[in-house]
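Enquirer: If you scroll down you'll find the structure; I have some questions about it.
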Amino acid sequence: MMKVVSGVFILKDDGSALLQHRDDKPEIRHPGLWTIPGGHRNPGEKLEDCARREVFEETSYRCDQLKLIDDFICNDGIGDDYRIALYWTTYDNNQKYECLEGQDLKFVKRQDVSQYAVLQFILPYWDRALNEMNLTRD
């Protein structure tokens, strides 16, 4: 059975996204890289529910409305294909967040991302989320 993963870009008005610095453990996929919060879907769980749960488990942040960016089959060259659903939401500027999984958690500006070892495939989706965020404000 194909693994299914959901992830969320939590965006501030300045375009920064909440990124998680993954643990540096060789047994996990993409150790030590920065990426968005997310994770594996439980059996029978809806993709959007998975995204909300994973974000909460990893950051203690409760996502409000999630907007789907894309839902696709991915192969990162490490293992088998898996399905991934990527969402975005705007940060509410009220809730606290904390690093409950990984090494660190912080908002990173899009223009500063080159200073981080980021999971590269997320960058075009970050740009799409920013574009959609700007379109919803117009």
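Enquirer: May I ask you to verify whether HIS30 is modelled with pLDDT under 95, touching a strand residue (DSSP E or B) at 6+ places or on another chain (Cβ under 8 Å) and either closer than 24 Å to MET133 by Cα or not hydrophobic (A, V, I, L, M, F, W, C) (or both)?
Expert: Details: modelled with pLDDT under 95: yes; touching a strand residue (DSSP E or B) at 6+ places or on another chain (Cβ under 8 Å): no; either closer than 24 Å to MET133 by Cα or not hydrophobic (A, V, I, L, M, F, W, C) (or both): yes.
For HIS30, the condition - modelled with pLDDT under 95, touching a strand residue (DSSP E or B) at 6+ places or on another chain (Cβ under 8 Å) and either closer than 24 Å to MET133 by Cα or not hydrophobic (A, V, I, L, M, F, W, C) (or both) - is not met.
Enquirer: Can you give me the number of residues within segment 1-41 that are more than 18 Å from TYR116 (Cβ to Cβ), surrounded by 12 or more Cβ atoms within 10 Å (Cβ to Cβ) and not β-branched (Val, Ile, Thr)?
Expert: Of the residues in segment 1-41, 5 are more than 18 Å from TYR116 (Cβ to Cβ), surrounded by 12 or more Cβ atoms within 10 Å (Cβ to Cβ) and not β-branched (Val, Ile, Thr).
Enquirer: Can I ask one more? Give segment 75-97 a look and list any residue that's in contact with a strand residue (DSSP E or B) (Cβ under 7 Å, 6 or more places away or on another chain), of a type outside the set (Ser, Thr, Tyr) and at pLDDT 95 or above, or say none.
Expert: The answer is ALA85, LEU86, TRP88.
Enquirer: Do you know which of the residues in segment 83-134 that are in a helix (DSSP H, G or I) and among the aliphatic types (A, V, I, L, M) is surrounded by the fewest Cβ atoms within 10 Å (Cβ to Cβ)?
Expert: If we filter segment 83-134 for residues that are in a helix (DSSP H, G or I), which is where we start, we get 110-115, 120-134.
Now restrict to residues that are among the aliphatic types (A, V, I, L, M): 113, 122-123, 129-130, 133.
Working: VAL113: 17, ILE122: 22, LEU123: 13, ALA129: 27, LEU130: 17, MET133: 18.
Result: LEU123.
The values are calculated or read from the model by the stated rules, or taken from the named source; none is laboratory data. Nothing here was measured: the structure is a model prediction, and the numbers come from that model. Glycine gets a Cβ as well: all are built from the backbone with ideal geometry, and neighbour counts include every protein chain shown.
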